[in-house]
1. Can you give me the number of residues within the range 117-161 that are aliphatic (A, V, I, L, M), in contact with an Asp or Glu (Cβ under 8 Å, 6 or more places away or on another chain) and farther than 13 Å from MET264 by Cα?
2. Look through ILE32, ILE37, ILE14, ILE5 and report the one residue that is β-branched (Val, Ile, Thr) and more than 18 Å from the chain's Cα centre (by Cα).
3. Residues that are hydroxyl-bearing (Ser, Thr, Tyr): find the strands (runs of 3 or more DSSP E) completely inside the range 168-282 holding 3 or more of those.
4. How many of the residues making up the range 198-228 are among the acidic types (Asp, Glu) and either under 18 Å from SER151 (Cβ atoms) or in contact with a Leu (Cβ under 6 Å, 6 or more places away or on another chain) (or both)?
5. Find all pairs meeting these conditions: Cβ atoms under 6 angstrom apart; at least six residues apart or on different chains; first residue within the range 177-191 and of a type outside the set (A, V, I, L, M); second residue not in a loop (DSSP other than H, G, I, E, B).
6. If you check LYS158 against the conditions, is it free of Cβ contacts under 8 Å to residues at least 40 places away in the same chain and either buried (at least 22 other Cβ atoms within 10 Å of the Cβ) or basic (Lys, Arg) (or both)?
7. Given THR255, THR185, THR215, THR191, which one is among the polar types (S, T, N, Q), assigned by TED's automatic domain parsing to the domain that holds ILE153 and crowded, with 23+ Cβ neighbours inside 10 Å?
8. Mind checking which residues of the range 97-147 are outside any helix (DSSP H, G or I) and among the hydroxyl-bearing types (Ser, Thr, Tyr)?
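The values are calculated or read from the model by the stated rules, or taken from the named source; none is laboratory data. Being a predicted model, the structure only gives us computed values, none of them experimental. Here the Cβ is made from the backbone with ideal geometry for all residues, glycine too, and neighbour counts use every protein chain on show.
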Amino acid sequence: MAQIIDGKAISAQIKEELKEKVKGLKAAGKEITLAVIQVGEDPASTVYVNNKKKACEYVGIRSLAYNLPESVREAELLQLIEELNAREDVNGILVQLPLPVGIEEDKVIRSIAPEKDVDGFHPGNVGALCIGEPGFLPCTPAGIIQMLKRSGISIEGKECVVVGRSNIVGKPMSLLLLRENGTVTVAHSRTKDLKAVTRRADILVAAVGKPKMITREYVKEGAVVIDVGIHRMENNKLCGDVDYADVEPVCSAITPVPGGVGPMTVAMLMYNCVESLNLQAR
């Protein structure tokens, strides 16, 4: 029977550790502040933003909420980010994606000061990741590395396959697995004979964005399967990119959806907020 990798339990453990650390920082007169900007009222974005605010409250991080109307002009949003960049009492800035039509996401991401970019999306942080310099790591891939380590799963020397090449998950995931001495293949929609490629994987990360696409035909017996996807089905239930019921019997460890990778993303955001003090002290 496969080991179920419990993201809720691991994220709770990380938040507990951070809570103690923040308590110590406060005792030394240091407070951490995260500014969260949401544009419009997308229901999914609202849920994510609320989860981040709750996590801040739990860990002891002060959060500032900026709820902007969908009609806001790009220039106004960039002006707000500029003000927050200049504020010494703000350590982290997070703009909830996706943004409404008419606002250029790339321009917004680039406008956040790299040392306050706690999402780890700024080209400066991506570049630092590529060459192994200090910087913020993207929360979801960093959370997956923590899940594997804290579940006793070694990455070193393993054949790792990442399905998906997005800037937010696929690419940074491959770099972090490489950093841990995994042998990494990045597969995607143009990969020839995808099943043959994924069946080589000791660790398979599915970040493809298609519900239940990864079935047992894609999975080597005894592989570790990490499911990054999250989709709401017609029956209102959540599922991932992996067909859990089909794959679970053949793998050695698997993440569920929900309760797998999702909670780790928020925990690692909190980790980045705490880490911001070290990066800003450089």
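1. 1
2. Residue meeting the stated conditions: ILE32.
3. Result: empty, no element qualifies.
4. As a first pass, look at the range 198-228 and keep what is among the acidic types (Asp, Glu): 202, 217, 221, 227.
Those left that are additionally either under 18 Å from SER151 (Cβ atoms) or in contact with a Leu (Cβ under 6 Å, 6 or more places away or on another chain) (or both): 202, 227.
Total meeting the criteria: 2.
5. If the second residue must be not in a loop (DSSP other than H, G, I, E, B), the pairs left are GLY182/CYS160; THR183/GLU159; THR185/VAL161; THR191/VAL197.
6. The answer is no for LYS158.
7. Unique residue meeting the criteria: THR255.
8. Within the range 97-147, none qualify.
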